[in-house]
1. Given the convex hull of the Cα atoms of the protein assembly as shown, what is a quarter of its surface area in nm²?
2. Where the centre of each part is set by its Cα atoms, how far does the range A:117-196 sit from the range A:254-285, in angstrom?
3. Please state, as a whole number in µm²/s, the translational diffusion coefficient that the Stokes-Einstein equation yields for the range A:445-491 at 10 °C and 1.306 mPa s, with Rh defined as the Kirkwood radius across alpha carbon pairs.
4. Which cross-chain or sequence-distant (5 or more) residues have an amide H under 5 Å from the amide H of residue A:86, H modelled 1.01 Å from N in plane?
5. Among the GluC sites (Glu not before Pro) within the range A:104-206, which fall in a DSSP loop and have no more than 10 other Cβ atoms within 10 Å of their own Cβ?
6. Just tell me which lysines come within less than 19 Å, Cα to Cα, of residue B:469; anything on the same chain fewer than 8 places away is out.
7. In degrees from 0 to 90, rounded to the nearest 10, what is the angle of the helix A:309-328 Cα long axis to the longest principal axis of chain A?
8. Amide H neighbours of residue B:446 under 5 Å, at least 5 residues apart or on other chains, H built in the peptide plane: list them.
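Every read-out reported here was derived from the displayed coordinates using simple, explicitly stated rules and does not represent laboratory data. All of these numbers come straight from a predicted model, not from anything done at the bench. Heads up, the Cβs are rebuilt from the backbone with ideal geometry, glycines too, and the neighbour counts pull from every protein chain shown.
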Amino acid sequence: MKAKKEIKKGKAVKAVRTDKKERILKELKSIVGEKNATTDQHILYAYSYDMSFVTPKLPDYVVIVHTVEEVQRILKFANKEKIPVVPYTSGTNIGGLCIPERGGMILDFKKMNKIIKLDPEALYAVIEPGVSHGQLAEALYKYNLRFGWPVGPPSASVASCAICHGIGHMNARYGLNSQEITSMEVVLPTGELVRVGSCAINPDAWHSCLPMPQMDGLFKGWLGSTGIVTKLGIAVHHIPPILKIFTVSCDHVDDMYSYMLNLSNYEICDDLTAVSWWLSQVPIPYPYKPKPDDAPEWFSYATTFSFTEKEKEARTEIWEKVVDEEKKKGTSIQVTHYPEEALKARTQLPSQIVGSTKNYCKMAGGGISWPGTFTPANRWAPIYKEWKKIMIGHNLSPSVRMSMYRGVHYGMLRAMTPFNKQSAKETENARQAIVECLKVDLDNGGMPYKPPVDFAMEINKRAHPGYLMLMKRLKKFLDPNDIMNPGKLGI
Amino acid sequence: MEHWNNGLIKKTEMENRSNGNLGMGRLTHRSIIPSFRGLKLEEVIMKWNIPSLKELEDVLWRCTACGTCKEAYEYGPPSVSSPICPAGEEFSFEGFLSSRGKIAFARGILSGDLKWNDALIDAIYKCNVCGGCQSQCELDHKPFIPEIIEAMRRKIVADGVGPMPKQKVIAQSLSSYDNPYQGPRRVRLDWTRPFKKQGKPIKNILEEPASILYYVGCTGGYNVPVRVVPQATASIFHKLGLDFGILGESEICCGSTAMRLGDVEAFKRVAESNLELFRKLHDEKGLKTIVTSCAGCYRAFMKDYPMAEEYGRMMEGIRVIHTSQFLYDLYMTGQLKFAESLPWKVTYHDPCHAGRHLTKFIIDKEGTQLWAGAYVKLEDKDCLYDIPRQLLKAIPGIDLREMRRIKANSYCCGGGGGVMTGYNDWAARNAGIRIQEGMETGADHMVSICPFCHYNLNQGAQGTGSKMKLFDLTELIDKVLPEKAS
């Protein structure tokens, strides 16, 4: 079955009258220049979809911005005219976050891509929203520095990933990429320029959001619905020269949880991750195919970096102790060889191989989404068992990842779900499976990150009334005319 | 229909051709050149396997829109990351940028969401089809990315709504003169005058047998600033005492330009004539090797012509080789020895057509290894990445300095894909970006192996006021090769 025509205008939006559209376009061009604003249908179309199951929707305008001043003028104008504004850097999220729910304007930041400051002594960088992971990686390597590189394309935006609570390859050591944010400059939906963190007090100080009130929280995790971050301070870290990767496998998810819990207590890993057999395949089997009987169901890779051989030996000693303990408990944990290509793809980041989602959706074709969540670690095993039934019931592979984050024993639990986007039926099948999985996770205390609207609705159904009240009040305070990425929060 | 000779055509006939579409689809190969100085061409109806956009529909749905194609990236370490799409750099909007944007257009055209209009057609032609985005992609549609873009252009031409006005001049010139430069046939030989003056005439292979055909290409023949390329090539061949000939005034375009613009009928017309001619030259004049110093012609012979089912039969016993590879082989066997030193700081520009366009992609068509249609891996041994560099390094005194973006990640000069004709200001601006990149290496000479790049990069250097001087690799070799090579 071929994909049906689904390109829609954002819901509840009347088509913008032609004369009004021309007037608005003229004003936009007066701000950003003739070449940088358009209503051309083919350009709008290219912004109407992403790789997720989210129904494509057209914006009314696309605007390329180059300076903070342009952003301020655009937002003042949009606020006056009550035009929805969707901030866009590279559109590589898999939650439909840049698909305009209610039409309006895509504000494309790809040309605001300067690394404004890189302080290798203080260990922070200040970047514009269009800076890509590839670009930052190159700049940092000159000083033997790194940031948390996500499993995404090198062209994806560092700032967008960070402010949407994206993850990197050092979550077990430093936490989420949003926890690496040290300061922010933001244009509010009303056009005012604000700063939060140390740069608010001294324009050259971008080192910390603390000890002041953490107003950066007003812009993190809001999916671009409260303002536009135009400068972002982020912590960067040295690259220790010695990498050691601990790899184990086992037959049961409970055994893997036990191992990960044990190892994480020692806080020696940059990344402590486990993947189900289906996710360890390159690519994920599509449609579902059974795991061979003699293959382990779970694999884990844990990266640890050391500055000296002795440090590496000490870390290895701890890991060996953990493995011994787990074996003595009678678990099925075994030291194992991790599939080479998968290991490379997960440790050599940023990566084109993973970034292009070759590992994930190559076999299905065109589409990928997930129930991507932060979940208490002690709920991983029971949730996985439910997810496995749901996914297999939909003829999809239960390609699940569990990653322990810094601090509290919680972390990522997600099922990377490829589907054939050419087929509307297969796309809907994937959507249904993913939403079913999400409900199970939410009921077990998990929380989805970078959620599409379908997820936001499920979150809000379960939310404390005070949470919803506060969120609405903050949103109204910051964005009185609800112009910033409206509809995405499901409120 | 009245046939024409020596590039001349009756005005009324030309006007008739100009009225509908591009005016070339109605011609057959037999209408071009009924005979080449006594070489009678046989009537061969060729079948071409050139896919339509509709035939590529399943392939283009393999794109995930992940955007990996937007940026040239190498993990390293240290990692290197750079812009790779000239159109993305110039026009910024997603639709213009890399294969992700072009595939959005293709999906919209096939679904009916996008209808032909001037802006859409313009956007589809604002692409160099350089393949830089293709080099980044890892998905199953990777092998077909340039094909998808050109299939959109083929549909534009077939629907009678394109190419762009300035590009139509090329198409009409191809119809009238068998070259895209509106050059009369007699002008094609102007580059040989110095050889005549020196008493070293170049053999016409139609008149005298020769095992080597030097296929000059239209750019080398008609584009005055780059006539140095065939001149240097012929000079080297003379010095080496090679038995070679040219087609002289009878050479016709390889068809690359038409193919890049989507005018598939015009391409087939000249390609069929050339294939038949090559077969005849092999059978009757002893032709064994076709050497070309034009990256566009080389790409056409290597990638476009094999789409004819008769290619294998027509080209049996004939090898096509780029000048750089040809000279490299001679160098490696000791037949090419350099006597002089050239103390130059040079950087090397990889032309798309002689580089990444020659990549071979291994596809699991039947799904015996992976799944049906899976892109398995690539082979780049045919890509002329290392050979020109090795020749450069072999020249005494040369200090080769590499740019940031090289080989599969080379940044296009901006001239290809019909852009130099359709959007010459943009082409020159983009060439200026490449020249600047070359300047950053500290080199003062930029070397390449494509007359088209050569010309456009020169325009870029002039436009930016750069002192960077452009050279073809053959020019450097000619300078250091002794008159009587041993």
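1. 41.8 nm²
2. Centre-to-centre distance over Cα atoms comes out at 25 Å.
3. 140 µm²/s
4. Here the answer is A:105, A:106, A:107, A:485, since their amide H atoms fall under 5 Å of that of residue A:86.
5. In loop regions of the range A:104-206 (DSSP not H, G, I, E or B), the sparsely surrounded GluC sites (Glu not before Pro) are A:121.
6. By straight Cα distance, residue B:469 reaches B:345, B:393, B:479.
7. So the helix axis and the longest Cα principal axis differ by about 70 degrees.
8. Answer set, sorted by chain and number: B:347, B:469, B:470, B:471.
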